[in-house]
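First comes the structure, then the notes that go with it.
The values are calculated or read from the model by the stated rules, or taken from the named source; none is laboratory data. Everything numeric in this text was worked out from a predicted model, so none of it was measured. All Cβ positions, glycine included, derive from the backbone under ideal geometry; neighbour counts span all protein chains shown. Accessible surface areas use protein heavy atoms only, side chains included; no ligands, DNA or RNA. Shrake-Rupley method; radii C 1.70, N 1.55, O 1.52, S 1.80 Å.
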Amino acid sequence: MYGDYRHMVASRRGRILTLTLDNPPLNAVNRALHDELSTVFQDVARDDGCDVVVLTGAGKAFSAGADLEEMKRATEDAALRSALMSRAPHIVHAMLSLDKPVIARLNGHAMGLGATLALLCDVVIAADTARIADPHVGIGLSAGDGGALIWPRLIGYARARHHLLTGEPLTATEAAAIGLIQKAVPPESLDEAVNAYADRLSGGAILAIRATKRSINMALGRDAVASAEAHIGLEALTMASNDHREAVMAFLEKRAPVFTRT
């Protein structure tokens, strides 16, 4: 079922399925991985061999967010911009509608879309060396891929506004303290903590657990249906701006951006 995925690796431990983002070096989300993320949770929904899902990243990072080299190309290619933007609502809807519990194993930094992927999971357990941020504004973009939807609902509007309007990162320990994630543990304890939580869910009354997840996500899912496409539209608007192109070029050229508000 998962053999055709190029940037995701599936493995099983009993009825626990682990999906590993695998796009070295930092699991940046390029167009191919966007495509895979937009379908994989639908495949998981049809997978009768798993009850619990663990989502993690290969190597040192969970996901560094967008592939900036590809974003540079997208500033000059409207078709590529459209393709990148069209996938995000599918990812959000598929994750929220999946009734199987998903645990994010945050092995390293989760930035931008990487943070959104983690926070849309039901439980986030992170290495305390990881950092979490949604720095869309830093590259001249609106946080339209789900960040504006999920951050306020987890930590309230005041805190979410600060982190989304500035892109300021949180350590995993800070994120756990304010309720953005479930817990932060030393890196050497991450597997033990994730496996124990996955085993607890897998060994529980799975029908009740799935029904409870559906109940929890009903209001959030309705909000996503109402707003996800609009959020992406606003991000697409900023993606066509001169400020976005300047921010991407400045990042790649390792200099400070000069924004012109256009």
Could you check, for region 163-180, whether at least one of its residues is part of a strand (DSSP E or B), closer than 29 Å to Ile209 by Cβ and touching a Cys at 6+ places or on another chain (Cβ under 8 Å)? no
Matching residues in region 14-38 (out of contact with any helix residue (DSSP H, G or I) (no Cβ under 8 Å at 6 or more places or on another chain) and open to solvent by 10 Å² or more (accessible area, probe 1.4 Å)) number 8
Residue that is of a type in the set (A, V, I, L, M, F, W, C), without any contact (Cβ under 8 Å) to a residue 40 or more places away in the chain, within 21 Å of Ala127 (Cα to Cα) and not in a loop (DSSP other than H, G, I, E, B), where the choices are Leu19, Leu33: Leu19
Lone unmet requirement of (1) open to solvent by 10 Å² or more (accessible area, probe 1.4 Å); (2) under 13 Å from the mean Cα position of the chain (by Cα) for Gly49: (2)
Could you list, in sequence order, all residues of region 1-15 that are closer than 14 Å to Asp43 by Cβ and assigned to a loop (DSSP other than H, G, I, E, B)? Met1, Tyr2, Gly3, Asp4, Tyr5
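Pick from region 147-177 the residues that are within 23 Å of Thr129 (Cα to Cα) and among the charged types (D, E, K, R): which of them is most open to solvent (accessible area, probe 1.4 Å)?
In this case the residue turns out to be Arg159.
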Right, Leu207: more than 22 Å from Met85 (Cβ to Cβ), in contact with a Pro (Cβ under 7 Å, 6 or more places away or on another chain), part of a helix (DSSP H, G or I) and not polar (S, T, N, Q) or not? no
Checking Tyr197 against (1) outside any helix (DSSP H, G or I); (2) farther than 23 Å from Val225 by Cα; (3) touching a residue at least 40 places away in the same chain (Cβ under 8 Å), the condition it does not meet: (1)
Can you pull out the residues in region 179-203 that are open to solvent by less than 40 Å² (accessible area, probe 1.4 Å) and among the aliphatic types (A, V, I, L, M)? Leu180, Ile181, Ala184, Val185, Leu190, Ala193, Val194, Ala198, Leu201
Could you please let me know if Ile125 is surrounded by 24 or more Cβ atoms within 10 Å (Cβ to Cβ) and in contact with a Lys or Arg (Cβ under 7 Å, 6 or more places away or on another chain)? yes
